[in-house]
1. If I model a spin label at residue 48 and residue 340 as a point 7 Å from the Cα along the Cα→Cβ vector, what separation in nanometres do I get?
2. In whole angstrom, how far apart do the alpha carbon centroids of region 89-114 and region 296-348 sit?
3. Want the number for residue 296 to residue 216: 0.36 nm per residue separation, take away the alpha-carbon distance, what's left?
4. Dipole of region 239-351, Cα-centred, from +1 at each Lys and Arg C-beta and -1 at each Asp and Glu C-beta, to the nearest 20 debye?
5. Could you pull out the pairs from 208/314; 192/314; 80/107; 192/246; 243/314; 196/226 whose alpha carbons sit more than 27 Å apart here?
6. How much of residue 240 can a 1.4 Å solvent probe reach, expressed as accessible area in Å² and rounded to 10?
7. Explain nothing, just compute: Karplus ³J(HN,Hα) = 6.51 cos²θ - 1.76 cosθ + 1.60, θ = phi - 60°, for every residue of region 305-318 in order, whole Hz, x for Gly and Pro.
8. Can you work out ³J(HN,Hα) from phi for every residue in region 138-144, in order, using Karplus 6.51 cos²θ - 1.76 cosθ + 1.60 and θ = phi - 60°, giving whole Hz and x for Gly and Pro?
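The values are calculated or read from the model by the stated rules, or taken from the named source; none is laboratory data. As the structure is a computational prediction, the values presented were derived from the model and not from experiment. All Cβ positions, glycine included, derive from the backbone under ideal geometry; neighbour counts span all protein chains shown. Protein only, heavy atoms only, side chains kept; ligands, DNA and RNA dropped before computing areas. Shrake-Rupley method; radii C 1.70, N 1.55, O 1.52, S 1.80 Å.
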Amino acid sequence: MQSAIFSLSLQQNIMTRDVSMAEMIKYGDVLTDIRNIIEKGRQQAYAAVNQVVIATNWSIGKRIVEEEQQGEVRAKYGTKLIANLAKELTLEFGEGYSRRNLELYRKFYLCFKDLEKTNARVRNLSWTHLRIIMREVTPEGRLWYLKEASEQMWSTRTLERNVSTQYYGRMMASQRQQLELPAPVIEGEDPKAYIKNPVVAEFMGFRKDSKFDETELEQALIDHLKQFIMELGRGFAFVDRQKHIKTDTEDYYIDLVFYNFRMKRFVLFELKTHKLTHQDVGQLDMYVRMYDDLVKGDDDNPTLGVLLCTETDKDIARYSVLHESEQLFASKYMAFMPTEEELRREIEQQKRFFLAQHGNVEDEV
């Protein structure tokens, strides 16, 4: 506000001195340039400070681990060492060096021993980002979150949500399912890598015991479209809701339509607030066929259809048109944040559903 008043007063002084319009424009350009320089400098200073904080914490963790009996992960006196260090350092440098934080710095070093490689991936990430990523149990998962959070510029809130819902684990489960089955001949990227099951949609705001109809479910997804697209994964863009398809004899309305630019195909979502039924599968199959015939462009790959339902069914996966279809999918949505154990159990259950749809009975685990 003060800078705006100062700028206005300077312009008034210039006007009173009968300065030419060209000089005023030139002055405005200089002012804009200097503002940009200041803003860029502030951003660089923040990034530099952030890198120093990360490097400092890593070095502290490294020194603690080195002291713990020549770097062994589980040193008998490690807890006592950290407790003693915390007492001394907290008195001198403050709460940033509490026992809890020193344990985090130690864990940081153990999780990312190659600081140079780590730094190459965290140039726009903060220490808070790294604290969240360290909750991922696998080294591969931690590196994946580093890369994705940096490239996609995830906020700490987004990262927190993705780690809590085991985003990486669910993605890897989809990829493992593909490896267990013969690869279909499909132009473009394999759809099975993009269809998550289960879909965690706690962002809609429903409680675990909430009752809602399909209209309320659709509205909740639209109200939280950004979060829903992020849950779906890379390449998804929203196209339409209640998409009107008109034939010679009837009008039809598809709940949600997306386009995935990586797969180069439309993806139709039908929303159900009940367990999967063969009638649902038949309806979705018809919508996909109609969309391919009436809407899809010549350059688009075949349309996909996804039924979001409260529960899947292996019999329907095995005996309906869903079986062995490369264009139809069903996914269970969880309208609440599951516990780690609930989500792990659900991933295994949906893996069996996937194998029933795309494999044989004896393939199931």
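1. 4.0
2. 43
3. Once the chain is fully extended between residue 296 and residue 216, it gains 26.0 nm.
4. Dipole about the Cα centre, nearest 20: 240 debye.
5. 192/246; 243/314
6. Surface accessible to solvent at residue 240 totals approximately 50 Å².
7. Result, rounded to whole Hz: x, 10, 8, 9, 9, 7, 7, 8, 9, 5, 5, 5, 4, 8.
8. 9, x, 5, x, 5, 5, 5
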